[in-house]
Every structure is written in structure tokens, then in C-alpha cells.
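Q: The structure is given below, and queries will be raised subsequently.
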Amino acid sequence: MSNITLTIIKPDAVAKGHTGKIIDHIIGAGFKVRAMKMIHMNDREAGGFYDVHRERPFFNDLVSFMTSGPCVPMVLEKDNAVTDFRGVIGATNPKEAAEGTIRNLYADSIEANAIHGSDSDENARREASYFFSELEIF
Ligand code: AMP
């Protein structure tokens, strides 16, 4: 499947009650929701998702944060989904996120940054299949 990206509304944004507003923002930006669920990841699940960051100094804190409460992974569809979605969410560090982006509006810190977005088409497909079977993607 092309033109998809994988997002996760992260535990900080879910805990603060921003899930609905963020989904509205995403749909308003022209994305279709092809799959969505709320889950509470354990260490193995969060560690597997962020496996590429295993050697980074922030890995353990990242896993603790991502397992701290429920989060909402979603598969989104749009032309140019990966690049356009990274524009919609803004820079990883909310202090650098452009005005009106999701991280500018809802994120507190580089770690508790409200939302994830895939960084390539290849990773979007890998990440979508990490959370959803083909039958769950509409
Ligand atoms: P990415 O795969 O680029 O989305 O990075 C994964 C997540 O790791 C980011 O969204 C942040 O939540 C976190 N992260 C990235 N860089 C740092 C950092 N320098 N310190 C703490 N957390 C970070």
C-alpha cells in the first residue's frame, strides 16, 4: 500500500483529553483514517516499535513514557502521506514546531511530544503492520 503513514497519539495527549481534537485536526488536514485503536503498550511492545533507537541515551525514558498510559495508533491515507503528515505534526521538539502544528498546539517536551509520524514510506508500511493486520486496514 502506498500513500499511507502511521501515527500514534501518544500517552501525554491521550491523558490530557486531546485525542478528539487531534483526530479532528488530522481529518481537517485531508487524511482518511484507515485503521485506529486504543492500546496500552508494555515494555516489549514499545521497545519493539522503537527498536532503531535502542542504543540511544533516551531509549529507556522513551519506553517508560510510551508505556505510561494508553495511546492511539492510526493508519492514515492521503497523497504524499508521510511528508504531508510530518508537516501537520511539526518538528520533534515542540519548541521548534511551527505555529498551528499538532506539536505546537498540544506537546510539552521533546519526549512528551503528543504524536508520532512515520519518517519514510518503508517505515510507514513496517509500522502499520506492527499494530494492524491487513484485515484491520480499511
Ligand atoms: P522518531 O523516531 O524520530 O519519531 O523519534 C522517536 C521519539 O523519540 C520522538 O518522537 C521523541 O518522543 C523521542 N526523542 C527523539 N529525540 C529525543 C531526545 N533527544 N530526547 C528525548 N526523546 C527524544
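The values are calculated or read from the model by the stated rules, or taken from the named source; none is laboratory data. Everything quoted here is computed from the prediction, not taken from an experiment. Heads up, the Cβs are rebuilt from the backbone with ideal geometry, glycines too, and the neighbour counts pull from every protein chain shown. We work out accessible area using only protein heavy atoms, side chains counted, and drop any ligands, DNA or RNA first. Shrake-Rupley method; radii C 1.70, N 1.55, O 1.52, S 1.80 Å.
Q: Quick one: Ala112 ticks every box in (1) among the small types (Gly, Ala, Ser); (2) buried (at least 20 other Cβ atoms within 10 Å of the Cβ); (3) within 15 Å of the ligand (Cβ to nearest atom); (4) touching a residue at least 60 places away in the same chain (Cβ under 8 Å) bar one, so which box is it?
A: In the conditions (1) among the small types (Gly, Ala, Ser); (2) buried (at least 20 other Cβ atoms within 10 Å of the Cβ); (3) within 15 Å of the ligand (Cβ to nearest atom); (4) touching a residue at least 60 places away in the same chain (Cβ under 8 Å), Ala112 misses (2) alone.
Q: Let me ask another. What number of residues within segment 47-83 are open to solvent by 30 Å² or more (accessible area, probe 1.4 Å) and touching a residue at least 60 places away in the same chain (Cβ under 8 Å)?
A: 4
Q: Same structure again: In segment 40-56, is there at least one residue being among the basic types (Lys, Arg), more than 15 Å from the chain's Cα centre (by Cα) and within 11 Å of the ligand (Cβ to nearest atom)?
A: Yes, there is a match, as at least one residue in segment 40-56 is among the basic types (Lys, Arg), more than 15 Å from the chain's Cα centre (by Cα) and within 11 Å of the ligand (Cβ to nearest atom).
Q: Please determine whether any residue of segment 35-44 is of a type in the set (Asp, Glu) and either loosely packed, with under 12 Cβ neighbours inside 10 Å or within 19 Å of Asn113 (Cβ to Cβ) (or both).
A: Taking segment 35-44 and keeping what is of a type in the set (Asp, Glu), we get 43.
Still in the running and either loosely packed, with under 12 Cβ neighbours inside 10 Å or within 19 Å of Asn113 (Cβ to Cβ) (or both): none.
No, segment 35-44 contains no residue that is of a type in the set (Asp, Glu) and either loosely packed, with under 12 Cβ neighbours inside 10 Å or within 19 Å of Asn113 (Cβ to Cβ) (or both).
Q: Sticking with this one: Residue under question is Asn93, and the condition is that it be among the polar types (S, T, N, Q), modelled with pLDDT of 95 or more, loosely packed, with under 15 Cβ neighbours inside 10 Å and more than 13 Å from the ligand (Cβ to nearest atom); does it hold?
A: Values: among the polar types (S, T, N, Q): yes; modelled with pLDDT of 95 or more: yes; loosely packed, with under 15 Cβ neighbours inside 10 Å: yes; more than 13 Å from the ligand (Cβ to nearest atom): no.
Spelling it out, it is not the case that Asn93 is among the polar types (S, T, N, Q), modelled with pLDDT of 95 or more, loosely packed, with under 15 Cβ neighbours inside 10 Å and more than 13 Å from the ligand (Cβ to nearest atom).
Q: Here is a follow-up. Test Asp119 against the criterion of being under 23 Å from Gly28 (Cβ atoms), open to solvent by 50 Å² or more (accessible area, probe 1.4 Å), of a type in the set (Asp, Glu) and touching a residue at least 12 places away in the same chain (Cβ under 8 Å), and give yes or no.
A: yes
Q: Right, something else. Gly87 - would you say it is touching a Pro at 6+ places or on another chain (Cβ under 8 Å) and among the small types (Gly, Ala, Ser)? Give the derivation first.
A: Values: touching a Pro at 6+ places or on another chain (Cβ under 8 Å): no; among the small types (Gly, Ala, Ser): yes.
Taking the combined requirement at face value, the residue does not satisfy it.
Q: While we're on this one: Quick check: is even one residue across segment 60-71 within 15 Å of the ligand (Cβ to nearest atom), over 20 Å from Met41 (Cα atoms) and of a type in the set (D, E, K, R)? Quick ask: steps written out before the conclusion?
A: Just the residues of segment 60-71 that are within 15 Å of the ligand (Cβ to nearest atom), to begin with: 60-69, 71.
From what's left, over 20 Å from Met41 (Cα atoms): none.
Scanning segment 60-71 turns up no residue that is within 15 Å of the ligand (Cβ to nearest atom), over 20 Å from Met41 (Cα atoms) and of a type in the set (D, E, K, R).
Q: Moving on to the next point. Given the structure, is Gly87 open to solvent by 20 Å² or more (accessible area, probe 1.4 Å) and of a type in the set (Gly, Ala, Ser)?
A: Values: open to solvent by 20 Å² or more (accessible area, probe 1.4 Å): yes; of a type in the set (Gly, Ala, Ser): yes.
Here the answer is yes, as Gly87 does meet what is asked.
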